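Down below is the structure, laid out as structure tokens.
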Ligand code: UDP
């Protein structure tokens, strides 16, 4: 089967790596499932880049909440994304996938520096490229880092893996009448105040016409279904 997308950027939240109600940052079973799902699409010849957040370890907060200056905390958050990237890298390599971790902050002993052209070369050689440390700047999110990298490497789509299976007219946990969108335009998302990503990340996608697919990454096989063009999740496009 021919994949619908040739090059994708998969954005995972840090939170998703951890089991619900657990204090441990990682659930090896979840990371293993993600690695297997990624393998199922690299096996189809899809080029895969990955960006992972850090909510399972540390998120920058305002100073009043944490006692830590915002920019300082944000750098801590960026470092935490590298730890998550290393965890994913270990699991992918364990199942035989070649990977490279590139970091927006220099840490030569564990990651290559982020070099756009080199990242593209790795992808062409079917290595999974994990981008760590977000954008390398405080006051941004990993959704923004993911959108930015996706645009830079000319990904066909950004796949936002979440725990819900798409975008709904209302919160499906609160409103039984809520209906899932199959596709939705960027403008409709803004008009209806649907928060898929923070505004910086969302605007970046919209201005660069990068489609976004929101889907449930925790259901094994779903990632492959998206790549096969099955009606999974919600597609945000022009
Ligand atoms: N962060 C940052 N700049 C970036 C990306 C991330 O400062 O370009 C910091 C920020 O503090 C953020 C934390 O890293 O709260 C973790 O990222 P994020 O909140 O996006 O993780 P997720 O919610 O996806 O787990």
Legend entry - So residue 37, is it free of Cβ contacts under 8 Å to residues at least 40 places away in the same chain and surrounded by 16 or more Cβ atoms within 10 Å (Cβ to Cβ): no
Legend entry - Yes/no for residue 167 being within 16 Å of the ligand (Cβ to nearest atom), surrounded by 13 or more Cβ atoms within 10 Å (Cβ to Cβ) and within 29 Å of residue 60 (Cβ to Cβ): no
Legend entry - Residues of the range 111-147 that turn out to be touching a helix residue (DSSP H, G or I) at 6+ places or on another chain (Cβ under 6 Å), within 13 Å of the ligand (Cβ to nearest atom) and either free of Cβ contacts under 8 Å to residues at least 60 places away in the same chain or not in a helix (DSSP H, G or I) (or both), as a count: 6
Legend entry - Matching option when the condition is in contact with a strand residue (DSSP E or B) (Cβ under 7 Å, 6 or more places away or on another chain), surrounded by 21 or more Cβ atoms within 10 Å (Cβ to Cβ) and in a loop (DSSP other than H, G, I, E, B), among 155, 150: 155
Inset, instruction - Go over the candidates 35, 64 one by one and state the one that is within 21 Å of residue 218 (Cβ to Cβ) and more than 8 Å from the ligand (Cβ to nearest atom). - result: 35
Legend entry - Hey, residue 105 within 13 Å of the ligand (Cβ to nearest atom) and without any contact (Cβ under 8 Å) to a residue 40 or more places away in the chain or not: yes
Legend entry - Residue among 71, 64 that is in a helix (DSSP H, G or I), modelled with pLDDT of 95 or more, over 19 Å from the mean Cα position of the chain (by Cα) and surrounded by fewer than 19 Cβ atoms within 10 Å (Cβ to Cβ): 71
Legend entry - Flag for residue 97 being more than 10 Å from the ligand (Cβ to nearest atom), in contact (Cβ under 8 Å) with a residue 12 or more places away in the chain and not in a loop (DSSP other than H, G, I, E, B): no
Legend entry - Among the candidates 87, 80, residue that is in contact (Cβ under 8 Å) with a residue 60 or more places away in the chain and either in contact with a strand residue (DSSP E or B) (Cβ under 8 Å, 6 or more places away or on another chain) or more than 7 Å from the ligand (Cβ to nearest atom) (or both): 87
Legend entry - Close pairs from the range 50-64: first farther than 12 Å from residue 16 by Cβ and in contact (Cβ under 8 Å) with a residue 12 or more places away in the chain, partner near the ligand (Cβ under 7 Å from one of its atoms) and in a loop (DSSP other than H, G, I, E, B), Cβ under 7 Å, at least 6 apart: 57/14; 60/138
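The values are calculated or read from the model by the stated rules, or taken from the named source; none is laboratory data. Note that the structure is predicted; figures quoted are calculated from it, not measured. Don't worry about glycine lacking a Cβ; one is built from the backbone with ideal geometry, like all the others, and counts go over all protein chains shown.
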